[in-house]
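The values are calculated or read from the model by the stated rules, or taken from the named source; none is laboratory data. For clarity, every value in this text was computed on a predicted model and none was experimentally measured. For neighbour counting, all protein chains shown are included, and Cβ atoms are generated from backbone atoms with ideal geometry for every residue, glycine included.
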Amino acid sequence: MNELTIVEVYPGSMFPQGDGGNLRVLEHRARARGLSATTLSPLLGEPLPDGDLYVLAGAEDEDQPAVARRLAEEGTLARAAAAGKVVVGIGAGYELLGRSFDTPAGVTTAGLGVLDVRTTLGAHVDSRVVTRPEPRLGLPALVGYEWHRGRTALGPDARPLAEVEIGVCNGGTPPTDGAVQGHVLGTYLHGPVLPRNPELADLLLGWALGEELAPLESAFAERARNERIAEAHEVERRKQRWLGFGR
């Protein structure tokens, strides 16, 4: 395959937190390898086109159930996941891919069921995140930020994307972030996550192409990651000092 079709799922109905950058970095890193990459952005009410890689960003709480119903009725995303296509959910997009999620009104709503996860609600989280990905993925530390109320429990068919060093993400003990099931991946990391972590973008592209991609060296990406990790640790130290002083 030397041509990739990336589908941005219903961008007008989602609430991206800088997540448009995820599409740009996928395009850039594909083209850097001599591949043709086209991004399609259907709006809510339009049929989803056939693609190799689908990306769902965040959504407002009140919009999540409507988007989930439309995706279930439309059916393309579930069929794509079953066929081994790459599907990525970020923030609320991650929750939508699961079996169910709760709304602020206390209503449990069916998700797409392509990830064996269920999401309830807890206290709001707004913080920097540093995670250690599952070793078999071959990724360095992932960095970003989280902004959500979700607490996501994984079932036996899904495995965590990463262990959390700093942050809450899925919640639970030990804390983890995201889920991976086949070529379906979810994460709570924003930032946007793929420009901050281009190796994750390469993993997704490799899945879509059916091959392991040779790395693209980037001294800037490595320096930026190290700076963000150091910054996250410093913020965490300050928070712990403040909490100790407060007691």
Qualifying positions in segment 147-164 - crowded, with 23+ Cβ neighbours inside 10 Å and assigned to a strand (DSSP E or B): His148, Gly150, Thr152, Ala162, Val164
Where Ser36 falls short, out of the listed (1) surrounded by fewer than 17 Cβ atoms within 10 Å (Cβ to Cβ); (2) in contact with a Lys or Arg (Cβ under 7 Å, 6 or more places away or on another chain); (3) over 19 Å from Leu112 (Cβ atoms): (2)
Counted residues, segment 66-77 - those being closer than 25 Å to Leu209 by Cβ and under 17 Å from the mean Cα position of the chain (by Cα): 1
Looking only at segment 41-56, and only at residues there that are of a type outside the set (Val, Ile, Thr) and not in a loop (DSSP other than H, G, I, E, B), the one that is surrounded by the most Cβ atoms within 10 Å (Cβ to Cβ): Leu56
Tally, over segment 196-228, of residues that are of a type in the set (A, V, I, L, M, F, W, C), assigned to a helix (DSSP H, G or I) and surrounded by fewer than 18 Cβ atoms within 10 Å (Cβ to Cβ): 4
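If you go through segment 89-109, how many residues are free of Cβ contacts under 8 Å to residues at least 24 places away in the same chain and small (Gly, Ala, Ser)?
Summing the residues that are free of Cβ contacts under 8 Å to residues at least 24 places away in the same chain and small (Gly, Ala, Ser) in segment 89-109 gives 3.
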Some residue of segment 170-177 being assigned to a helix (DSSP H, G or I) and either charged (D, E, K, R) or in contact with a Pro (Cβ under 6 Å, 6 or more places away or on another chain) (or both): no
Segment 16-33 - residue that is part of a loop (DSSP other than H, G, I, E, B) and in contact with a strand residue (DSSP E or B) (Cβ under 7 Å, 6 or more places away or on another chain) and, of those, surrounded by the fewest Cβ atoms within 10 Å (Cβ to Cβ): Gly18
Those residues of segment 91-106 which are hydrophobic (A, V, I, L, M, F, W, C) and either more than 19 Å from Leu194 (Cα to Cα) or touching a strand residue (DSSP E or B) at 6+ places or on another chain (Cβ under 6 Å) (or both), in sequence order: Leu96, Leu97, Phe101, Ala105
Yes/no for Leu56 being within 27 Å of Tyr145 (Cα to Cα) and modelled with pLDDT of 95 or more: no
Restricting segment 167-192 to residues that are at pLDDT below 95 and crowded, with 21+ Cβ neighbours inside 10 Å, the residue that is farthest from Ala78 (Cα to Cα): Gly191
Check on Leu185, farther than 17 Å from Thr119 by Cα, touching a residue at least 60 places away in the same chain (Cβ under 8 Å) and either out of contact with any Asp or Glu (no Cβ under 8 Å at 6 or more places or on another chain) or part of a loop (DSSP other than H, G, I, E, B) (or both): no
Of all residues in segment 88-131 being within 16 Å of the chain's Cα centre (by Cα), over 20 Å from Gly144 (Cα atoms) and among the β-branched types (Val, Ile, Thr), the one that is surrounded by the fewest Cβ atoms within 10 Å (Cβ to Cβ): Val114
Flag if Trp242 is at pLDDT 90 or above and aromatic (Phe, Trp, Tyr): no
Check on Ala37, without any contact (Cβ under 8 Å) to a residue 60 or more places away in the chain, among the small types (Gly, Ala, Ser) and part of a loop (DSSP other than H, G, I, E, B): no
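Which of the strands (runs of 3 or more DSSP E) contained wholly in segment 57-140 include at least 1 residues that are within 30 Å of Arg228 (Cα to Cα)?
By residue number, 86-90, 117-133.
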